[in-house]
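> My questions will all concern the structure given below.
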Amino acid sequence: SEGNAAKISRECKNILAEIDESKISYTKLYDIGEEQRKLIDSVLFSLLQSLLCIILIIPIFFKRKRIIISIAAILPFSILWTLGILRIMGFIVNQHVLAGMSIALGLIADGAAVLSETAEEASSKADFFIRMKNVFVSLIGSTFTTIIVFAPLFPLDSIVPGVKNIAVTICIMILVSLVLTMGFVPCFIYSERKERRENNARKKFAILQSKI
């Protein structure tokens, strides 16, 4: 399941191209690389569909552009970092990796959404940082409990080929999104405009109350 069937298929076709010049007849019985390329194309299309659906759903729950952009940016950056880490670990990008990413996309946006909701409820910058510390603990705990669920799939690759790649991809993508969410999202989602508006409203109310 970890072999690069598409690369083997290309190399075999190069060899067969030389045989064609020799006019030697042959019969191609099965090309698993060609089948995998078609499967990868379909899984990649599903991945793009999942990404688009999540981006379209976010504005329904959040109205501020800063929050929408921050949550939407987590998705492609998590994909890029996950691909890089998998490459370093020696994994190839096949249909199993893409399937894992498609599944993980529905899980990684939750953390950024929770932080965004916390930012909306914060009354001041100090209150925001206090809330962030409390949320971080819960976020780390929920992330690792999710990863534990996929851990039993690692040794099952001999029974279900490709399930290890799917599980590893999901776990790495969840961890990457956790780092991005905790390290970068809080820097962008909080805005002091709300605090200024509330302070101005309090001042206007105090002035109005003094006149009354």
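The values are calculated or read from the model by the stated rules, or taken from the named source; none is laboratory data. Source: prediction; values computed, not measured. Positions of Cβ are backbone-derived with ideal geometry, glycine not excepted, and every protein chain shown enters the neighbour counts. The accessibility values were calculated without ligands, DNA or RNA, using every heavy atom of the protein model including side chains. Shrake-Rupley method; radii C 1.70, N 1.55, O 1.52, S 1.80 Å.
> What is the calculated FRET efficiency for Ala126 to Val149, with r their C-beta to C-beta distance and R₀ = 35 Å, to the nearest 0.05?
Working: r = 36 Å, r/R0 = 1.04.
So the FRET efficiency works out to roughly 0.45.
> Please determine, in degrees from 0 to 90 and to the nearest 10, the orientation of helix 125-150 with respect to the longest principal axis defined by the Cα atoms of the chain, where the helix direction is its Cα long axis.
The answer is roughly 30 degrees.
> What FRET efficiency comes out for the pair Tyr26/Cys53, r = Cβ-Cβ distance, R0 = 35 Å, nearest 0.05?
0.15
> Accessible area per residue for segment 1-99 in Å², computed with a 1.4 Å probe and the full protein assembly in place, what is it?
Heavy-atom SASA per residue in segment 1-99 reads 70 Å².
> Over the Cα atoms of segment 1-100, Rg to Rh with Kirkwood Rh, two decimal places?
We get a ratio of 1.20 for segment 1-100.
> Return the label of the correct value of semi-axes √(5λ) of the Cα gyration tensor in Å, as calculated from the structure shown, out of [x] 29, 25, 15; [y] 45, 21, 14; [z] 51, 18, 12.
Calculated semi-axes √(5λ) of the Cα gyration tensor in Å: the matching label is [z].
> Where nothing but the Cβ of Lys and Arg (+1) and of Asp and Glu (-1) is charged, how large is the charge dipole of the chain around its Cα centre, in debye to the nearest 20?
1500
> In addition: Could you tell me the number of lysine pairs in the chain with C-alpha atoms less than 22 Å from each other, where the two lysines are 8 or more residues apart or belong to different chains?
Close lysine pairs found across the chain: 20.
> Still on this structure, I have one more. What is the helix-to-structure angle for 95-121, meaning the angle in degrees between its Cα long axis and the longest Cα principal axis of the chain, kept from 0 to 90 and rounded to the nearest 10?
Approximately 0 degrees, to the nearest 10.
> For the chain, take the longest principal axis of its alpha carbons; what is the angle in degrees between that and the long axis of helix 163-183, to the nearest 10 within 0 to 90?
Taking Cα atoms only, the helix is inclined about 30 degrees.
> Report the one residue of Val135, Asn14, Asn165 whose Cα lies farthest in the direction of the positive end of the charge dipole of the chain (charges on C-beta: Lys and Arg +1, Asp and Glu -1; origin at the Cα centre).
In the chain, that residue is Val135.
> Hey, another quick one. Could you tally the net charge around Tyr30, taking each other residue with its Cβ under 15 Å from the Cβ of Tyr30, Lys/Arg +1 and Asp/Glu -1?
Computed value for this residue: +1.
> At a 1.4 Å probe radius, carbon and sulfur cover how many percent of the accessible area of the chain?
Within the chain, the accessible surface is 67 percent carbon and sulfur.
> At 222 nm, what value in deg cm²/dmol follows for the chain if DSSP H runs of at least 4 each add -39500 (n - 2.57) and the sum is divided by all its residues, to the nearest 500?
Numbers: 8 runs with 171 residues, N = 212.
Computed ellipticity for the chain at 222 nm equals -28000 deg cm²/dmol.
> How large is the charge dipole for segment 16-91, taken about the Cα centre, if only the Cβ atoms of Lys, Arg (+1) and Asp, Glu (-1) carry charge, to the nearest 20 debye?
Details: 9 positive and 7 negative charges, 180 e Å.
Roughly 860 debye for segment 16-91.
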